[in-house]
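Contents: one structure, followed by commentary.
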Amino acid sequence: MSGPTAPDAVMPGAEPFAFPGGDGPDGRTGVLLVHGFTGTPMSMRPWGEHLAAEGFAVRCPLLPGHGTRWQDCNASTHDQWTTTVGDAFGELAARCDRVFVAGLSLGGTLATRLAEVRPDDVAGLLLVNPALLTQRLDAKLLPMLSRLTGSWAPIASDIKKPGVTELAYPKLPTRAMMQVRSLWAATRADLARVTAPVIVFHSVEDHVVEPVNSTILLAGVSSTDTSEVLLEDSYHVATLDNDAPRIFARSVEWIRERTAAGRSPGTEIPAAETR
């Protein structure tokens, strides 16, 4: 009798990555990047490379069930995803004075969840089109669909910039999506536990995650230092889209503003922004 089938090999380009950081003050600051549902670290690599070039220590794990086959995703759980993110955070924290967490879509959910369960450890959150719920009509059918079929229409590569394709699954794993919904519910319920500084970049036009998600998140956290940046020229995967350079540059500025000499992580920066 054969045992369970092992997950397939990781797709080329989907591998996790890490950059050690420089010798200057930024090298003592870590940034943990978290990719989205059905996606891979490929969607975060340009951001990670930009942060590394600025001297920050960077790490981006591959979430369990991702980067191989969509069938593997259906065998993964949200507890496995949160554990992977927590472990990667711990690895950065062991060698850095402070660690910020940045996430795209479900990666934004996982980043927020980490800030809820470890409010004294996360130096700040940088979220791109974070997800907490969906208003899509077909989502109401998901519990039934997940029992009838393992996959549904894909959500990958919602990118406005011509010629750019996200490395992600060609189908939506329905059973894994049920795990996503459970994680959303837990994260929404505990938003008030977030006290770290938060900056949210969200696309005005997003065909995967509705902008109301960012509104709910910013209204629910207890953070006194919050910022919102509107992205006018990108769809959902904004880290690979037209506004990516703006996200990268602003994230470096934002982190440095909160790690200036003599300022402790989490110290209030009064001016919020919407632009």
Next item on the list: Quick one: which residue in SER227, SER223, SER251, SER234 is modelled with pLDDT of 95 or more and within 15 Å of GLU54 (Cβ to Cβ)?
Entry: SER251
Margin query: I need every pair where a residue in region 207-236 that is within 12 Å of THR195 (Cα to Cα) has its Cβ under 8 Å from the Cβ of a residue that is part of a helix (DSSP H, G or I) and open to solvent by 50 Å² or more (accessible area, probe 1.4 Å), sequence separation at least 6 or different chains.
Written below: GLY220/ARG188; GLY220/ALA192; VAL221/ALA192; SER222/ALA192; SER222/ARG193
Checklist line | Residue, modelled with the lowest pLDDT, within region 137-191, restricted to residues that are of a type in the set (Phe, Trp, Tyr) and open to solvent by 20 Å² or more (accessible area, probe 1.4 Å) | finding: TRP152
Next item on the list: For region 1-19, enumerate the residues that are modelled with pLDDT under 95 and open to solvent by 90 Å² or more (accessible area, probe 1.4 Å).
Entry: MET1, SER2, PRO4, THR5, PRO7
Notebook entry, point to check: Which number in (1) more than 17 Å from LEU240 (Cβ to Cβ); (2) open to solvent by less than 10 Å² (accessible area, probe 1.4 Å); (3) touching an Asp or Glu at 6+ places or on another chain (Cβ under 7 Å) marks the one condition that GLY39 misses?
Noted result: (1)
Item checked: Qualifying positions in region 237-254 - open to solvent by less than 10 Å² (accessible area, probe 1.4 Å) and assigned to a loop (DSSP other than H, G, I, E, B) -> VAL237, ASP241
Note to self: Under 8 Å between Cβ atoms, which residue pairs at least 6 apart in sequence (or on different chains) link something in region 27-41 that is among the aromatic types (Phe, Trp, Tyr) with a partner that is at pLDDT 95 or above?
What the structure shows: PHE37/SER105; PHE37/LEU106; PHE37/ALA131; PHE37/VAL180
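Let's see how each residue does on (1) in contact (Cβ under 8 Å) with a residue 60 or more places away in the chain; (2) of a type in the set (Phe, Trp, Tyr); (3) surrounded by fewer than 21 Cβ atoms within 10 Å (Cβ to Cβ):
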position	(1), (2), (3)
PRO64	no, no, yes
ARG69	yes, no, yes
ASN74	yes, no, yes
ASP79	no, no, yes
THR83	no, no, yes
ASP87	no, no, yes
LEU92	yes, no, no
VAL99	yes, no, no
Check: Counting only residues that are basic (Lys, Arg) and over 19 Å from GLY39 (Cβ atoms), which one in region 79-123 is farthest from the chain's Cα centre (by Cα)?
Finding: ARG95
Next item on the list: Go through region 203-236 and give me each residue that's part of a loop (DSSP other than H, G, I, E, B) and surrounded by fewer than 17 Cβ atoms within 10 Å (Cβ to Cβ).
Entry: VAL204, GLU205, HIS207, PRO211, SER222, THR224, GLU232, ASP233
Note to self: Quick test of your reading of the structure: GLY21 fulfils all but one of (1) touching a helix residue (DSSP H, G or I) at 6+ places or on another chain (Cβ under 6 Å); (2) closer than 26 Å to HIS236 by Cβ. Name the failing condition by number.
What the structure shows: (2)
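The values are calculated or read from the model by the stated rules, or taken from the named source; none is laboratory data. Bear in mind that the values here come from a model prediction, so they are computed numbers and not experimental data. Using ideal geometry, Cβ is built from the backbone for each residue, glycine included, and neighbour counts are taken over all protein chains shown. Just so you know, the surface numbers come from the protein's heavy atoms only, side chains and all, with ligands and any DNA or RNA stripped out. Shrake-Rupley method; radii C 1.70, N 1.55, O 1.52, S 1.80 Å.
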